[in-house]
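What follows is a set of notes on a single structure, which appears directly below.
The values are calculated or read from the model by the stated rules, or taken from the named source; none is laboratory data. Since this is a predicted model, take the numbers as computed values, not measurements. Virtual Cβ from ideal backbone geometry, glycine too; neighbours counted across all protein chains shown.
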Amino acid sequence: GVYADFAATTPMDKEIMEQMLEDSMEFGNPSSIHKVGKRAKAKLEHSRREAAGLLNAHPSEITFTSGATEANNLAIRGIVSRFDHPHIITTEIEHASVLNTYEALEEAAEVTYIPATDKGTVDTAALKAALREDTALVSVMLVNNETGVMQPIYEIGEILAEHGAKLHVDAVQAFGHVGIDVKELGVDLLTLSGHKIYGPKGIGVLYREKDVVLSPMITGGSHEKGRRSGTENSLFIGAMAAAMKKADAERTVRSIKEMQLKEKFLNNMTHAEIPFEVNGDVNQASSHIINIHFPWADSEFLLTALDMADIYVSGGSACSAGTVEPSHVLESMFGEDARVKKSVRFSFSHLMEEEDIDTITEALKDIYERLS
Ligand code: PLP
């Protein structure tokens, strides 16, 4: 079969897996004061320095969490709970871990949701107009997980420059594909996930600019400087830092390969005369994700037919449910248009071969011909 759903999750890197097996012998609790604990603590802090360095952050600005969902929750709830009914802004195209957190806070805060244009980028004019004196937080993702479209974070940073509102960026789909320098990006909070960069599931990173104060969600023994209690998952933290390091080192090579695969995919479909349109501005998209509108078939039908041909892709975000619901991202871009229900996300990896692309497009051609 061909797996082309790398935005949903990636397989674990073998080198990192082997390293984890070795590291697992070092079982100490980083909070213990004896030598075994101190060794674990030293390893943990080494991983933190590595993660920080790769983002151009200071180690004290890095908090390890159970994943990007928790990191996004901590960023958002950690800010909101410090204010008395603040105004907060996010976009209609965020991942569920941001969008549903904003929705859950609708009593504690006043929430504004900014739509996307049909190019797949957030409407920055609407964002600028929505900004108020009491706006405490703005959450906008860097790369959209359904369309791959990069969001105008620099421009949003400029809009917020003279304003006290904190800028929170979900960079889960960006890291390893787009260079990330938190200082240059001008963000206050930024989140990453291990399992999107060939690391383990259940580990994430929250970058928090040193002057940003967050209320913790999980209280206890004051681990992670009180921001996230609970004995640190040293093993996964080590693997996260290693995954970040490798993804960063191989970023250009991986992205070029992904771009080539994407181009071949589009060329193959054109040559095979399969009717399609790209959802979102392909020129502003990350190398690994492409969302395609097929006017001739419903998403659900296509996903099933492709699955039967052993080709694994998704409708929108797999992270949300497991059912095929109309994508909230495409709805924000296109409204009630039928294309929302006739679109499929393909996400590629440097691990794929050109032949995998041929297999996918041949299957698509086959399905298309059976329908017409
Ligand atoms: N944010 C984005 C953009 C994602 O694609 C995902 C995918 O799962 C998440 C957040 C959640 O990350 P995690 O699975 O580590 O909680």
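A few points about this structure:
- Enumeration of residues in the stretch 285-302 that are surrounded by fewer than 17 Cβ atoms within 10 Å (Cβ to Cβ) and in a helix (DSSP H, G or I): 300, 301
- Of the residues making up the stretch 141-159, those that are assigned to a loop (DSSP other than H, G, I, E, B) and surrounded by 24 or more Cβ atoms within 10 Å (Cβ to Cβ) are 141, 144, 145, 146, 147, 148, 151.
- Residue check: residue 129 meets all listed conditions (1) over 22 Å from the mean Cα position of the chain (by Cα); (2) part of a loop (DSSP other than H, G, I, E, B); (3) of a type in the set (A, V, I, L, M) but one, namely (2).
- The residue that is farthest from the chain's Cα centre (by Cα), among those in the stretch 252-284 that are of a type in the set (S, T, N, Q) and either surrounded by 15 or more Cβ atoms within 10 Å (Cβ to Cβ) or over 22 Å from residue 151 (Cβ atoms) (or both), is 270.
- Number of positions in the stretch 281-296 that are touching a helix residue (DSSP H, G or I) at 6+ places or on another chain (Cβ under 7 Å) and modelled with pLDDT under 95: 0
- In the set 221, 230, only one residue is in a loop (DSSP other than H, G, I, E, B) and modelled with pLDDT under 95; that residue is 221.
- Filtered by the rule that a residue be of a type in the set (A, V, I, L, M) and more than 16 Å from the ligand (Cβ to nearest atom), the stretch 110-137 gives 111, 114, 125, 126, 127, 129, 130, 131, 136, 137.
- Residues of the stretch 285-310 that are farther than 23 Å from residue 149 by Cα and touching a residue at least 60 places away in the same chain (Cβ under 8 Å): 296, 297, 305, 306, 310.
- Flag for residue 366 being away from the ligand (no atom under 16 Å from the Cβ) and modelled with pLDDT of 95 or more: yes
- Single residue of the stretch 201-213 satisfying the filter (more than 10 Å from the ligand (Cβ to nearest atom) and surrounded by fewer than 24 Cβ atoms within 10 Å (Cβ to Cβ)) that is nearest to the chain's Cα centre (by Cα): 209
- Considering 155, 106, the condition of being out of contact with any strand residue (DSSP E or B) (no Cβ under 9 Å at 6 or more places or on another chain), farther than 21 Å from residue 335 by Cβ, free of Cβ contacts under 8 Å to residues at least 12 places away in the same chain and away from the ligand (no atom under 14 Å from the Cβ) is satisfied by 106 alone.
- Of all residues in the stretch 168-184 being of a type outside the set (Gly, Ala, Ser) and away from the ligand (no atom under 16 Å from the Cβ), the one that is surrounded by the most Cβ atoms within 10 Å (Cβ to Cβ): 182
- Which listed residue is part of a loop (DSSP other than H, G, I, E, B) and not β-branched (Val, Ile, Thr), from 184, 273: 273
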